[in-house]
Amino acid sequence: MHFQVRHLERIAYREAWALQKELVDARARDEIGDVLLVVEHAPVVTTGRKTPDSFLVGAEPGDSHGVFPDGTRFEVVDVERGGEATYHGPGQVVVYPICKLADDKHDLHGWMRALEQAGIDALAACGFEAGRREGATGIWTADGARKLASIGVAARRWVTYHGMALNFSTDLSHFAAIQPCGFEASVMTSVHAEMEAPPTREAFVERLVAALVAQLAGFRS
């Protein structure tokens, strides 16, 4: 059975987070099949389990809000995924696979490598060569100098949630408010910043969904 792909368009982060947890519980009970959520969020910063206290630029540890360079305030949401702080906002393609892992595939590191490969494959289908950077989860330019996508996952009863945020036409200035995944904000880039003739968002999403279905097939129960 294929993933049920649900395109939610722009949705508040907390709403998508709550939906993921509902779907995880339903999938664990085998009430539904695997689901792939494709979303975009209003500006927000999320923090994973490895986030240091100093991630928020110009703020005190424990602050629940930060300020973008243009003066706009944003919420900080602490979540249960792995990794450090990352930004979500307009222009990103965010995917959340809710997938029950097969008994012999309880391997979240392998799962993240498959997510990376799906993004690399989708970008290759659009004529752009992306790759990995040793020791750093995510999707990078082929030389490993600039980061296109952040990945952070979690699992409950071996049902996955959270996922990947890929910068498609993102306002990269917003990353300056944090230390994204522990790096300097200048490391972040986007498809539009890297490609002279980027595909449409719809065309890229279609290729990314196809690549995810192919790469994740071997993990599914």
Fill in: Length-normalised contact order of the range 1-41 in % [C-alpha pairs under 8 Å, at least 6 apart]
68
Worksheet item: For S173 and H2 in one chain, what is 0.36 nm times their gap in residues minus the Cα-Cα distance, to one decimal in nm?
Response: 57.8 nm
Practice prompt. List W158, W140 from most exposed to least, where exposure is judged by having the fewest other Cβ atoms within 10 Å.
Written response: W158, W140
Discussion item. Output wanted: per-residue J couplings in Hz (rounded whole) for the range 143-158, from phi through Karplus 6.51 cos²θ - 1.76 cosθ + 1.60, θ = phi - 60°, x for Gly and Pro.
Written reply: 8, x, 8, 10, 9, 9, 8, 10, 10, x, 10, 8, 8, 10, 6, 6
Fill in: Exceeding the 25 Å Cα-Cα cut-off - candidates K21/K147; K21/K100; K21/K50
K21/K147
Worksheet item: Does anything in the range 177-221 have its amide N under 15 Å from the 7 Å Cα→Cβ label point of E9, and if so which residues?
Response: 202
Response to the item:
Result row for the chain, helices from DSSP H with C-alpha axial extent 20 Å or more and mean Kyte hydropathy at least -0.5, is 108-125, 201-216
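Pull up the DSSP beta bridges for the range 4-219 and report the antiparallel fraction as a percent, rounded to 5. Spell out each step's value before the answer.
On the way: 30 of 40 bridges.
So the antiparallel bridges amount to about 75 percent of the total.
FRET efficiency for D103 and A210, Cβ-Cβ distance as r, R0 = 41 Å, nearest 0.05?
Result of the calculation: an efficiency of 0.95.
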Worksheet item: In debye to the nearest 20, how big a dipole does the range 118-203 give about its Cα centre with +1 on each Lys and Arg Cβ and -1 on each Asp and Glu Cβ?
Response: 460
Worksheet item: Taking 0.36 nm per intervening residue step and subtracting the Cα-Cα distance, what contour gain separates A124 from E196 on full extension?
Response: 24.5 nm
Worksheet item: About its Cα centre, what dipole magnitude does the range 1-81 give when the only charges are +1 on Lys and Arg Cβ and -1 on Asp and Glu Cβ, stated in debye to the nearest 20?
Response: 160
Worksheet item: How much length is gained if the chain between D25 and E184 is pulled fully straight, taking 0.36 nm per residue apart and subtracting their Cα-Cα distance, in nm to one decimal?
Response: 53.6 nm
Discussion item. Let me check against my output: what whole-number percent is the relative contact order of the chain, with C-alpha pairs under 8 Å and at least 6 apart?
Written reply: 23
Worksheet item: Which label belongs to the value computed from this structure, given these candidates for Cα extents along the principal axes in Å: (1) 46, 39, 32; (2) 52, 38, 38; (3) 48, 39, 37?
Response: (1)
Worksheet item: For the range 4-219, what is the charge dipole size about the Cα centre, in debye to the nearest 20, if Lys and Arg each add +1 at the Cβ and Asp and Glu each add -1 at the Cβ?
Response: 360
Worksheet, complete the sentence: Projected onto the charge dipole of the chain (unit charges on the beta-carbon of Lys, Arg, Asp and Glu, signs +1, +1, -1, -1), the Cα from F183, W17, L172 with the largest positive-side position is that of W17
Fill in: Sites D143 and S221 - FRET efficiency at Förster radius 30 Å, r taken between beta-carbons, to 0.05
0.20
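Laboratory data are not the source of any read-out in this text; all were calculated from the coordinates shown. Everything quoted here is computed from the prediction, not taken from an experiment. Note that we place each Cβ from the backbone using ideal geometry, even for glycine, and neighbour counts take in every protein chain shown.
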